[in-house]
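In what follows, a single structure is set out as structure tokens and then discussed.
The values are calculated or read from the model by the stated rules, or taken from the named source; none is laboratory data. Owing to the predicted nature of the structure, the values given are computational and were not obtained by experimental measurement. Note: ideal-geometry Cβ built from the backbone for every residue, glycine included; neighbour counts use all protein chains shown. Only protein heavy atoms, including side chains, enter the accessible area calculation; ligands, DNA and RNA are left aside. Shrake-Rupley method; radii C 1.70, N 1.55, O 1.52, S 1.80 Å.
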Amino acid sequence: MKRTTSRKYVLTKRLDNYFYGVNNAYLFTADFFKQALRRPFHFKELVNQCYEIGLRALPLITLTGFIIGIVFTKQSRPSLEDFGATSWLPSLLGIAIVKALGPLVTALICSGKVGSGIGAELGSMKVTEQIDAMEVSAINPFKYLVVTRVLATTITIPILSFYCSVVALIGSYINVHSEENTSFVIFFKNAFSTINFLDLWTAVAKAVVFGFTIGIIGCYKGFNATQGTSGVGKAANEAVVMSMFIIFVEEIVIVQISNWIRTF
Amino acid sequence: METLHVIDYNETVISIKDLYKSFGDLHVLKGVSLDLHKGENIVVLGKSGTGKSVLIKIISGLLKPDKGEVIVLGKKVDELKRKELNELRLHIGFSFQNSALYDSMNVRRNLEFPLMMNYPKLTKKEVDAAVEEVIEAVGLKNKLKEMPASLSGGQRKRIGIARTLILKPKIMLYDEPTAGLDPITCTEINQLINEVQEKYNTSSIIITHDLTCAKATGDKVAILIDGQFAKAGKFDEVFNSNNELIKEFYNYNFIQ
């Protein structure tokens, strides 16, 4: 084998690679929508993935949600006490947890736990030629592996996000109850009194978008893993870093859109 | 070498003409041509990194050629749409170098998976019968419940071959079937390749750098050197030639 003269780049090697990567990610996402709507649908694998993803993240989300509820309550109380407004604590917690913390914390935990898992699993399948083995057996690996996983994260993460918010509010309630002896019913009534329909839909929309992002980035990184076992680690790592970054960008965009809708 | 099977030289199952493939600046295949006839086993020999595996990946449609023509069972592989390619792939068995068994599935599920995905209307009884048949063919009936991680290298190769046989392929592509195995297991795998050919009447391309495997399984051998076939023919014809590159490969193989 012979190497010819050095390759010419359109811009620079780095920029070329960057735009090549962006284009590939776009094509990968477009392929997802194209294939998700076509038969056959692997319902059994989808249910299996929902179960796996939910189960994988559940203990960590329970613990984190509970701790966040307690810590956020403890940190908010002194500021409200200064204004004599501790009775507003449940409302404040309701807004903060349901609108912002629940979906965001769930997404960050899932990008670490689920996104890295998907990246590593598919990356390992890629470098050990298991994906090629599916391909040559006339099985569409994109449909079987990617579509099911992305749909599973898109379905499961909103459910986990709702669960995280409930657990965090229970943590908050325990703290509020121990300090002010507030009843369970009054706490939750006050917590949800300032949350309207748009707030709830914004939270759901955020969780859906975050779930899709975690799934598609994990799959993209895993599906394109190279260079043996080190490539698997790299795929898992990049899946986490990139999905976390994009989740924060999406958070800003969705909040802005929600505020814009609120003005009508 | 004794050939027990019948080769039909009038029927070409794979025809490769003037095939080129590069990866960036790296020119791997530079004008490769090859014909595989029905019932024939061709062994493609060559040092590591000479593009042997690339050749069978192009045949199975995993890679696209830069130039040249690959016709498999009368169809031009690089011009097929995904659905047509998948229909063709049902007739091609691909045994990977590292077996590529699905880690998350046990042996039975590994074998069932391609069948159930391609023929979802099959009954459980039919699937079980097919699994029984192929697992018996590779002699590992007692390993159905095991996970791939608990199998030895030779057992993994056998299960990999069984997984391809379950779809009843007309063509078998073996990528380094004896790589990383001890000499006894190598002999068993060579025997299995011949048994598969006789029982399932397949035509095969066997990629290897192992001369023992080449001699035991090939009706014909072709040596890939520097992106081109240096010589093709019967094993003894090829290695009795005065071509320096072939002699070098022969010596390299035994030194290795």
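Taking the condition under 23 Å from A:S243 (Cβ atoms), open to solvent by 80 Å² or more (accessible area, probe 1.4 Å), within 14 Å of chain B (Cβ to nearest Cβ) and not polar (S, T, N, Q), does A:Y20 pass? It is true that A:Y20 is under 23 Å from A:S243 (Cβ atoms), open to solvent by 80 Å² or more (accessible area, probe 1.4 Å), within 14 Å of chain B (Cβ to nearest Cβ) and not polar (S, T, N, Q). When we screen B:K170, B:K220 for residues that are within 24 Å of B:M117 (Cβ to Cβ), touching a strand residue (DSSP E or B) at 6+ places or on another chain (Cβ under 8 Å) and open to solvent by 10 Å² or more (accessible area, probe 1.4 Å), the only hit is B:K170.
Out of A:L58, A:L63, A:L93, A:L80, one residue alone is in contact with a helix residue (DSSP H, G or I) (Cβ under 9 Å, 6 or more places away or on another chain), open to solvent by 90 Å² or more (accessible area, probe 1.4 Å) and more than 22 Å from A:F142 (Cα to Cα). It is A:L63. Listed by first and then second residue, the pairs linking a residue in segment A:219-233 that is in contact (Cβ under 8 Å) with a residue 12 or more places away in the chain to a residue that is surrounded by 18 or more Cβ atoms within 10 Å (Cβ to Cβ) and among the polar types (S, T, N, Q), with Cβ atoms under 7 Å apart and 6 or more places separating them unless they lie on different chains, are A:V232/A:S124.
Taking the condition within 23 Å of B:L211 (Cβ to Cβ), surrounded by fewer than 16 Cβ atoms within 10 Å (Cβ to Cβ) and of a type in the set (A, V, I, L, M, F, W, C), does B:I184 pass? In short, yes. Of the numbered conditions (1) outside any helix (DSSP H, G or I); (2) within 11 Å of chain A (Cβ to nearest Cβ); (3) among the hydrophobic types (A, V, I, L, M, F, W, C); (4) more than 26 Å from B:K199 (Cα to Cα), B:V70 fails exactly one; give the number of that condition. Status for B:V70: all satisfied but (2). If the condition is being free of Cβ contacts under 8 Å to residues at least 40 places away in the same chain and more than 14 Å from chain A (Cβ to nearest Cβ), then segment B:105-130 contributes B:R108, B:L122, B:T123, B:K124, B:K125, B:E126, B:V127, B:D128, B:A129. Could you list, in sequence order, all residues of segment B:55-89 that are small (G, A, S), surrounded by 14 or more Cβ atoms within 10 Å (Cβ to Cβ) and on the phi > 0 side of the Ramachandran plot? Those that are small (G, A, S), surrounded by 14 or more Cβ atoms within 10 Å (Cβ to Cβ) and on the phi > 0 side of the Ramachandran plot: B:G61, B:G68. Residues of segment B:149-167 that are open to solvent by 20 Å² or more (accessible area, probe 1.4 Å) and assigned to a helix (DSSP H, G or I): B:A149, B:S150, B:G153, B:Q155, B:R156, B:R158. In segment B:29-49, of all residues being crowded, with 23+ Cβ neighbours inside 10 Å and within 14 Å of another protein chain (Cβ to nearest Cβ), the one that is farthest from B:F239 (Cα to Cα) corresponds to B:L29. Here B:K52 passes the criteria (1) more than 10 Å from chain A (Cβ to nearest Cβ); (2) open to solvent by less than 30 Å² (accessible area, probe 1.4 Å); (3) at positive phi except the one numbered (3).
The residues of segment B:15-62 that are among the hydrophobic types (A, V, I, L, M, F, W, C), under 24 Å from B:E195 (Cβ atoms) and out of contact with any His (no Cβ under 8 Å at 6 or more places or on another chain), listed by number, are B:L36, B:I42, B:V43, B:V44, B:I56, B:I59.
Listed by first and then second residue, the pairs with beta-carbon distance under 8 Å, at least 6 apart or on different chains, first residue in segment B:85-104 and without any contact (Cβ under 8 Å) to a residue 60 or more places away in the chain and more than 8 Å from chain A (Cβ to nearest Cβ), second open to solvent by less than 10 Å² (accessible area, probe 1.4 Å) and not hydrophobic (A, V, I, L, M, F, W, C), form an empty list.
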